[in-house]
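Working notes, beginning with the structure itself.
The values are calculated or read from the model by the stated rules, or taken from the named source; none is laboratory data. Owing to the predicted nature of the structure, the values given are computational and were not obtained by experimental measurement. Cβ atoms come from the backbone with ideal geometry, glycine included; neighbour counts cover every protein chain shown. Quick note on the areas: whole protein, heavy atoms, side chains included, nothing else; ligands and nucleic acids left out. Shrake-Rupley method; radii C 1.70, N 1.55, O 1.52, S 1.80 Å.
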Amino acid sequence: MPSEAVIAGIRKDIEAYEAGRASAYRQVRWRVPVFIGLVVAFMVLVAWLFNKVADPYEQWFSTPHVFLYFGSFVAALLLYFQAVKPATRLQQSFRETLLPMIFGFIQDIRYQHGVHPNSFDRLPRETVGPFNRQSFDDVFSGRYEGFAFELYEAELREGTGKGSSTAFRGVIVAFETITPFPGTLVATRRANVVVGFFRGMFASRMEELSSGVSELDAAYEFRTDNVEAARPLVSGRLAQALKWLGETWPDDPARVALDGSDGFLLLPQPKDFFELPDISVPLDYQTHVAPMIADMGAMLATAALVRKIGAKDEQA
């Protein structure tokens, strides 16, 4: 956790944010009903004018009416985002100031929002399976306990519209391994028969192997293109790390990937770890900020553990 001096600085920033938050909240409270009200009034007026020329049996529901309602809905949605822009702009500006400060235990920390992480293209696709849509929220990079890392929130989806499915949603931590793995090794959540079939096609160059631990083999698929190098890890340190992760990350099994000198820890979680509360809620250090620090520390400490999986005994 930060020192008392750092916490005092954070509290001062929170006080400044609170003044801006109250002002932005007052703006949003009148902007939203006014902006939406204008759209509704315009829609009702134009619909009434359409009734003058519409068939008596189609009044309020003629084809022009339907297009009007749809267009008004889209306009109302756009105006809503415009109405709340003072709040979203203030929150993002504060996050860009606050987050690097509260994570002072990270050396050379850099924070970005919504950018494409540098390490993502090196993530073995066997870890997440096929996807055709990707989005990123908060992206952090820096050094922790002497190693460089990149940590980001990601959502990967396959398909379009209502038929789309989530390939992964959560936090990805990328780091350099202590000892490079000679090939690719992934530990992913065991899929159902259909998903497993398509994953097998997708990962045809990879062989599946067992850890010898029944509960792990029931929850995980281990795949590699170098069975000889992977076997002692899968039945040794990787199995130990995954058993520990199962206790500390019980909701959805964490995933691990090793590819040469690149290591990846994937923590599935729908929670937005670094989100500020709604603009209507006063910001409190103990309630909203301290949990962010604890979550970040826990995820990086877990990555530091996973980083040692392939290391020699004296290095680990």
In terms of the charge dipole of the stretch 4-89, which places +1 on Lys and Arg and -1 on Asp and Glu at the beta carbon, the residue among MET43, TRP60, PRO33 farthest towards the positive end is PRO33
The longest stretch of the chain containing none of the chymotrypsin sites (Phe, Trp or Tyr not before Pro) that sit in a DSSP loop with at most 15 other Cβ atoms within 10 Å is 62-316
Just the number please: accessible area per residue for the stretch 4-89, 1.4 Å probe, all protein chains included, in Å². 69 Å²
Answer label, with Kirkwood radius over Cα pairs in Å calculated from the coordinates and candidates (i) 22.0; (ii) 22.9; (iii) 20.7: (ii)
So which of LYS162/LYS308; LYS85/LYS271; LYS52/LYS85 end up more than 32 Å apart, counting from Cα to Cα? LYS162/LYS308; LYS52/LYS85
For the Cα atoms of the chain, what angle does the longest principal axis make with the long axis of helix 63-83, in degrees from 0 to 90, nearest 10? 60 degrees
Mean separation of Cα pairs under 8 Å and 6+ residues apart, divided by the residue count of the chain: what relative contact order is that in percent? 18 percent
DSSP loop GluC sites (Glu not before Pro) with at most 13 other Cβ within 10 Å excluded, longest remaining stretch of the chain: 146-313
Sorted by accessible area with a 1.4 angstrom probe, largest first, how do HIS65, HIS113 fall? HIS113, HIS65
What does the accessible area of ARG205 come to, in Å² to the nearest 10, when a probe of 1.4 Å is used? 140 Å²
First select every other residue whose beta carbon is under 13 angstrom from the beta carbon of PHE264; then total the charges, Lys and Arg +1, Asp and Glu -1. -2
